[in-house]
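Student: Please read through the structure below; I'll follow up with questions.
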Amino acid sequence: MKTRLCVLAALCISVFVSAFAAPQAALAQAWPSKPIRLIIPFPPGGATDIIGRTLAQKLSTQLGQTVIVDNKPGAGGTLGSNEAAKAAPDGYTLLLATTSTHSIAPSLYKNIPYSVEKDFAPISEVATATNVLIVTPNLPVANVAELVALAKSKPDALNFASSGNGTIVHLQSELFKLVAGVQLTHVPYKGTALAIPDLISGQTHLLFDSLVSALPHIKGGKVKALAVTSTKRTPLLPNVPTVIESGLPGYEVNTYFSLFAPPGTPREIIQRLQREAAAAVQSTDVKERFASQGAEPVGGTPEALSALIRTETVKWRRVIDAGQIKLD
């Protein structure tokens, strides 16, 4: 009798598991059968938007379905991120997240509406980008040392723009204040694309921006580039030194751009997306597009992305605590 009961129980469990797994497997096999939405939690024209649109175009070709870019800016990228976290886990809503949304916001906002660990399924780090310190063309400085000297001679007289409270652009400026020992006033915008015009006109004085969005303005002579935030100079601006070279040791900042899906998205779809994203960013045309904008392709695994997020979160939490930075 016991043997029969055990066999019957095992059979019931097997049927239950099969019944649950069958729809998931069918969904993964049929995917994608309609357009995919890629949420970009920042306005058009900025670094995240440029990276996202390049990826979307390539994925559309590879997957045979249109990948539609949907810009959802606001609250340092957390509004769009939260919408993606709450979307149906069917592979038809994706998120291009950044250091701002996934390694800074959780330590900065008291009531952040999502958990990075629980509310997202990591897919792949798409790219990493060097940032650059740019200043309004009329500011009487030619390098970081002169900028620091000017800021110290006129406390709180200079301001810095950012892509919003709590973003990587904001926090790397706060890191600069701490390392350089200067006082600067924060002027937040809803994306660097909206901040650039005021920087060019002189309403704001400096901005740490991604090369992805800053390079055209640098080459056009509309802003001055003082330093890059990587440990090595970039081939795109070979005559521009690093911040470290400029006399501020230990200052290094890069921005990651990564692909996520809502939690519960079938593993088969996650694996397919990782393969497709890796192939997309390593393709010749995308690599050239990224390189021309100062970004390097990555295309890593979900596990590597999770590890990166943990490391970056620890780094920026230290900056937030040291600067006593708090946002509601």
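Student: How about segment 217-252: which of its residues are modelled with pLDDT of 90 or more and of a type in the set (A, V, I, L, M, F, W, C)?
Tutor: 218, 223, 225, 226, 227, 228, 237, 240, 243, 244, 248
Student: Is it fair to say residue 100 is under 23 Å from residue 319 (Cα atoms), of a type in the set (Ser, Thr, Tyr) and either open to solvent by 40 Å² or more (accessible area, probe 1.4 Å) or part of a loop (DSSP other than H, G, I, E, B) (or both)?
Tutor: no
Student: Does residue 130 count as surrounded by 16 or more Cβ atoms within 10 Å (Cβ to Cβ), within 25 Å of the chain's Cα centre (by Cα) and within 22 Å of residue 249 (Cα to Cα)?
Tutor: The answer is yes for residue 130.
Student: Quick one: would you say residue 162 is free of Cβ contacts under 8 Å to residues at least 12 places away in the same chain and either open to solvent by less than 30 Å² (accessible area, probe 1.4 Å) or of a type in the set (S, T, N, Q) (or both)?
Tutor: Answer is no for this residue.
Student: While we're looking at this one, here's another question. Checking the structure you have, find out if any residue of segment 142-152 is open to solvent by less than 10 Å² (accessible area, probe 1.4 Å), in a helix (DSSP H, G or I), among the small types (Gly, Ala, Ser) and in contact with a helix residue (DSSP H, G or I) (Cβ under 6 Å, 6 or more places away or on another chain).
Tutor: no
Student: Follow-up question, since we're still on this one. On the given criteria, is residue 54 crowded, with 17+ Cβ neighbours inside 10 Å, modelled with pLDDT of 95 or more and under 18 Å from residue 280 (Cβ atoms)?
Tutor: Against the criterion (crowded, with 17+ Cβ neighbours inside 10 Å, modelled with pLDDT of 95 or more and under 18 Å from residue 280 (Cβ atoms)), residue 54 qualifies.
Student: Okay, next question. Let me confirm something: among 267, 317, 289, which residue is closer than 30 Å to residue 88 by Cβ and open to solvent by 30 Å² or more (accessible area, probe 1.4 Å)?
Tutor: One residue alone meets the criteria, 267.
Student: Another question about this same structure. Residue check: is residue 296 more than 19 Å from residue 63 (Cα to Cα), outside any helix (DSSP H, G or I), open to solvent by 40 Å² or more (accessible area, probe 1.4 Å) and not aromatic (Phe, Trp, Tyr)?
Tutor: Judged against the criteria, residue 296 is a match.
Student: For a quick check of your reading of the model, give me the residue pairs whose first member lies in segment 267-285 and is over 14 Å from residue 301 (Cβ atoms) and among the polar types (S, T, N, Q), whose second is in a helix (DSSP H, G or I) and open to solvent by less than 20 Å² (accessible area, probe 1.4 Å), with beta-carbon atoms closer than 8 Å and at least 6 apart or on different chains.
Tutor: none
The values are calculated or read from the model by the stated rules, or taken from the named source; none is laboratory data. Keep in mind it's a predicted model, so treat the numbers as computed, not measured. When we count neighbours, we look across all protein chains shown, and the Cβ atoms used for this are built from the backbone with ideal geometry, even at glycine. Quick note on the areas: whole protein, heavy atoms, side chains included, nothing else; ligands and nucleic acids left out. Shrake-Rupley method; radii C 1.70, N 1.55, O 1.52, S 1.80 Å.
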